[in-house]
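Encoded as structure tokens, the structure appears first; notes follow it.
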Amino acid sequence: MATKAIQPWQLERRREQNARAQQRSRARRKALEQALKDESPNLQLVPATRGPSHVGCKGKTACPRPQLKFGDFLHYFARPSDLDNVVKIIDAEGLNIGAVIKYGLISMGYCLDDALFDARREVCFACWASTIEPQMSGRFRIGTALLAGVQVLSRLRGPAAWYFEIDGGHVSRVPQPHAHMSAFVEIAKHIGVHVEEMAVDGAMSPFTPTRPSVPWTSPDELAALKPDIQPVPEQFTIPHHPYLDLIPFPTFRTRALLALARGDRTFSETDLCFDLMHGGLRCNGSSEVSLHGRGDGAPWDARSWEVTPWFYRKWGGLVGDESDLIYRSSAWWWARR
């Protein structure tokens, strides 16, 4: 598939964004790196007998908010290539941001109980993190474990390519379930967004350029985008980070952008970003001959995707009700397990 050509103004904007992001990250990273130099305990983290109840993602009241801003997490990556490398590793292993925390805890001298690690599949990121953090030394936080995990994985040699890639508009090899990271990357390539842009906290969607005189694309190029990735009107009018452009459900994008525009206090982009990295949305494939029209693993087809049950319960206002395509597609995948 031919990708969109990068214009000179885009390259200059990207350089400026990267420079600002690196300046902001140095102080945060330096403080956490100093904490990691201290002597770490050799402890085992196990499920708490009494701890914060998992709510929101279990269909009750609101979940706790993450104790770390997602933009701060992005600053832990010293270079865009580190982000690319780490995400490729966890994508190839079928893991998510929970694995970054696990590797970080191990490097800090902790042993994460298997049951506690597996519990991440049933709840949102903030609820899972809230069961781990109280058991850590008082001077450590989840952000410290994430930084340590980023440092560990950044030193490893990751795969040269993403778990699956699209060649000429076709899925070259059928992805296995949960390969959501490389699926998001394929959507990004489809709309002309590069991985390093996703690591910039202040990056802007290609559909809402900073200078009105520089249109994103021509009507013909817009028409060439796959139907589920076609921008909704709000993507042109509401400034936003490009991560929202990668969500393959048009109605989800519309609801999220409207919540962002009206300053809805119940909508947290940090919370949503962590939950997306936590595996809340998954792209599915199958080794079977027919998926009965369920997208066949193509990441730009909404039918290839599902939201997890905990994500549906927590973000129901964005997902929609049982008549919505998002729920119907997800329920089809749930029924297969």
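The values are calculated or read from the model by the stated rules, or taken from the named source; none is laboratory data. Since the model is a prediction, treat every value here as computed from it, not as a measurement. Every residue, glycine as well, gets a Cβ built from its backbone with ideal geometry; the counts of neighbours run over all protein chains shown. Each accessible area value is taken on the protein alone, full model and side chains, heavy atoms only, with ligands, DNA and RNA left out. Shrake-Rupley method; radii C 1.70, N 1.55, O 1.52, S 1.80 Å.
Computed quantities for the displayed model
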{"read-out": "Spans of helices (runs of 4 or more DSSP H) in segment 94-152 with at least 3 residues in contact (Cβ under 8 Å) with a residue 60 or more places away in the chain and over 16 Å from the mean Cα position of the chain (by Cα)", "value": "125-132"}
{"read-out": "Residue pairs meeting the criteria (Cβ under 8 Å; at least 6 apart or on separate chains; first farther than 15 Å from T208 by Cα, in segment 243-260; second open to solvent by 10 Å² or more (accessible area, probe 1.4 Å) and of a type in the set (F, W, Y))", "value": "P248/W300; A256/F267; A259/F267"}
{"read-out": "Candidate set from segment 238-254 (those that are touching a Phe, Trp or Tyr at 6+ places or on another chain (Cβ under 9 Å) and either of a type outside the set (A, V, I, L, M, F, W, C) or over 20 Å from V185 (Cα atoms) (or both)); member that is most open to solvent (accessible area, probe 1.4 Å)", "value": "Y243"}
{"read-out": "Hits in segment 310-337 (condition: open to solvent by 30 Å² or more (accessible area, probe 1.4 Å) and under 22 Å from A259 (Cβ atoms))", "value": "Y312, R313, K314, G317, D321, E322, S323, L325, Y327"}
{"read-out": "Criterion violated by F117 - all others in (1) at pLDDT 90 or above; (2) open to solvent by 50 Å² or more (accessible area, probe 1.4 Å) satisfied", "value": "(2)"}
{"read-out": "Meets criteria (open to solvent by 50 Å² or more (accessible area, probe 1.4 Å), assigned to a helix (DSSP H, G or I) and closer than 26 Å to V307 by Cβ) for D91", "value": "no"}
{"read-out": "Unique match (being of a type in the set (G, A, S), open to solvent by less than 10 Å² (accessible area, probe 1.4 Å) and farther than 27 Å from W315 by Cβ) among A126, A99, A148", "value": "A148"}
{"read-out": "Segment 171-223 - residue that is under 28 Å from I97 (Cα atoms) and surrounded by fewer than 16 Cβ atoms within 10 Å (Cβ to Cβ) and, of those, modelled with the highest pLDDT", "value": "G202"}
{"read-out": "R265 vs. criteria more than 21 Å from I191 (Cα to Cα), open to solvent by 60 Å² or more (accessible area, probe 1.4 Å) and at pLDDT below 95", "value": "yes"}
